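Data first, discussion second: the structure below is written as C-alpha cells.
The values are calculated or read from the model by the stated rules, or taken from the named source; none is laboratory data. Everything numeric here is computed off the predicted structure, so don't read it as measured data. Cβ sites come from the backbone with ideal geometry, for glycine too, and all protein chains shown count toward neighbours.
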Ligand code: UDX
C-alpha cells in the first residue's frame with residue numbers, strides 16, 4: 001500500500017552569484033549534496049550558463065538559469081557594478097520564482113534553496129514558496145566576521161587602526177578586506193558584502209565554504225549566534241585523494257584552460273621545483289607590479305608557470321610572451337586547470353593573490369604560498385596564510401612605489417624553495433593538508449555538518 005506520509009526526496013536549488021570564484025565552490029558543493037542522496041539543481045544566470053564546459057551524465061547535477069537582466073554579457077554589459085546589482089536585484093527574484101513554479105509543476109518540487117550569500121533576496125523567495133533557506137558563504141570565517149561587524153554597526157569604517165574581533169588575530173589596516181579600508185573605491189561591492197548579513201535572522205542555515213579547524217574560534221563564535229556550519233573545502237575528492245585524473249563532469253570556466261600545454265610542461269619538471277603564479281579571475285596588476293614580478297621570477301632562477309589572462313598580457317615586459325616558453329625556465333598561459341596544477345608533484349610554491357578559493361585549494365593540497373593580495377578579502381587571507389597557518393610568506397610592499405619589488409619576490413621565493421624556512425613551512429602545509437582532507441572524509445567536521453543538513457532536509461514534513 002502506498003505510504004502517503006513518506007517524506008519527499010529533498011530537492012535543493014543551489015543559486016550562485018555569477019563569477020568564477022563563486023560558481024566553482026557552489027558547483028562542487030552541489031556534487032557533495034548529490035552524493036548524499038539529494039536531488040540538486042544548480043541555478044546560475046543565463047550569461048554565466050554560457051561558460052559551461054565538459055559533459056554531464058545522468059548522475060550529475062541538473063542545471064537551470066535565471067535572468068540578471070543582462071542575458072548577453074552579465075556584469076560586463078551593465079556598465080557599472082551599481083547598475084548590475086540594481087537590475088539583478090529587481091529581475092532576479094521574479095525569474096527565480098518562475099523557475100520554482102515550473103519545477104513544482106514538473107516535479108520533483110524544490111524543498112530548499114541554498115543561495116549565495118551575495119544574493120540575500122533569494123531568502124525572501126524561499127519564504128514565499130515555503131522552502132528551507134540556506135545562505136552559502138564563499139569567503140573565510142574571519143572575513144565574514146569583519147562584514148558581520150560592519151553590518152551591525154560595530155566596526156567603524158573606513159578602518160584606520162588595529163581591529164580586534166572575537167577569535168580573530170589582531171588585524172592591522174593592511175590585513176583588513178580592502179573594501180572596509182578604501183570604502184569609496186567599490187561602494188556597490190562593499191554594500192553587497194555588508195548586506196549578506198541583512199536578513200539572517202530569518203535564515204534556516206548558514207553554510208560556509210571553510211574547514212572548522214582552520215578557524216575554530218571564529219566558527220564557534222558564529223555558531224553561537226547563527227545556525228552556522230562549515231562545509232568545505234569544496235574540492236573534488238579526486239584531488240584530495242591524490243588521484244590525478246580530471247574531474248570530467250561539467251564545470252564553468254569564463255576562460256579556456258590551456259590544459260595539455262600546461263600539464264605536458266609540468267610533467268617534465270622535477271618534484272617540488274616549480275613556482276606557480278596566478279592572481280585569479282579578476283585582479284588587475286599595475287604594470288609596475290607585473291614587471292617586478294617577472295624580474296623576481298627570473299632572478300629566482302626557478303621553473304615558473306604563470307597564468308596571465310589575455311586582458312593582462314600587454315602588461316608583460318619584453319621577453320615574456322603569452323603562450324610561449326619565455327626561456328628554458330618559464331611557461332606563461334592564459335588560464336590553466338588550477339586544481340590539477342596544485343596537485344602535481346612538480347609544484348613547489350604558489351605565488352597567489354590569496355583569493356579564498358585559491359587559498360583553500362592550496363591549503364587542501366598542501367602547497368606553500370607567497371601571498372600578494374590585491375583587493376577585497378585577500379589581505380585577510382594572506383594574514384592567515386603567514387601568521388596563523390604558517391604555511392607561507394607575505395612579501396613586503398615597498399611603501400613608496402606601492403609594489404612588491406623583484407628583490408623581495410626573489411628573496412621570498414628562495415626562502416620557501418631553498419632555505420631552512422622551507423622545512424617548517426612544508427611541514428605546516430602537510431599538516432593542514434591532512435586536516436582539511438579529514439574534514440571532508442567520512443565523520444570529519446564538514447562531512448558531519450553536511451550529513452546533519454541533509455538529515456534535516458529529509459525530515460522536513
Ligand atoms: C573572487 C575574489 O577575487 C576572491 O578574493 C574571493 O575570495 C572569491 O571571489 P578570484 O579572484 O577569481 O575570486 O579568486 P579565487 O577565489 O582564488 O578563485 C579563482 C578560481 O579560479 C579558483 O577556483 C581557481 O582554481 C580557478 N582558476 C584560477 C583556474 O581554474 N585556473 C586558473 O588559471 C586560475
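Scoring residue 167 on the criteria (1) part of a loop (DSSP other than H, G, I, E, B); (2) on the phi < 0 side of the Ramachandran plot leaves a single failure, condition (2).
With the structure loaded, tell me whether residue 108 is touching a strand residue (DSSP E or B) at 6+ places or on another chain (Cβ under 8 Å), at pLDDT below 95 and in a loop (DSSP other than H, G, I, E, B) or whether it fails that test.
yes
On the given criteria, is residue 351 closer than 21 Å to residue 209 by Cα and in contact (Cβ under 8 Å) with a residue 12 or more places away in the chain? No; evaluated as a whole, the condition is false for this residue. Apart from one condition, residue 149 fits all of (1) modelled with pLDDT of 95 or more; (2) touching a helix residue (DSSP H, G or I) at 6+ places or on another chain (Cβ under 8 Å); the exception is (2).
Among the residues of the stretch 338-353, those identified as within 12 Å of the ligand (Cβ to nearest atom) and under 16 Å from residue 430 (Cα atoms) are 342, 343, 350.
How many residues are farther than 20 Å from residue 178 by Cα and free of Cβ contacts under 8 Å to residues at least 24 places away in the same chain when one looks only at the stretch 370-409?
0
Annotation: residue 397 fulfils all but one of (1) more than 27 Å from residue 113 (Cα to Cα); (2) crowded, with 24+ Cβ neighbours inside 10 Å; the unmet one is (2). Against the test of being part of a strand (DSSP E or B) and either over 28 Å from residue 189 (Cβ atoms) or within 12 Å of the ligand (Cβ to nearest atom) (or both), the options 306, 375, 335 yield a single qualifying residue, 306. Candidates in the stretch 400-410 are the residues that are in a loop (DSSP other than H, G, I, E, B) and over 28 Å from the mean Cα position of the chain (by Cα); of these, the one that is surrounded by the fewest Cβ atoms within 10 Å (Cβ to Cβ) is 400.
Residue-by-condition table, conditions (1) at pLDDT 95 or above; (2) touching a strand residue (DSSP E or B) at 6+ places or on another chain (Cβ under 7 Å):
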{"site": "14", "(1), (2)": "yes, yes"}
{"site": "41", "(1), (2)": "yes, yes"}
{"site": "45", "(1), (2)": "yes, yes"}
{"site": "52", "(1), (2)": "no, yes"}
{"site": "90", "(1), (2)": "yes, no"}
{"site": "99", "(1), (2)": "yes, yes"}
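Return yes when residue 73 is under 27 Å from residue 28 (Cβ atoms) and exposed (fewer than 15 other Cβ atoms within 10 Å of the Cβ) and no when it is not. Yes; evaluated as a whole, the condition is true for this residue.
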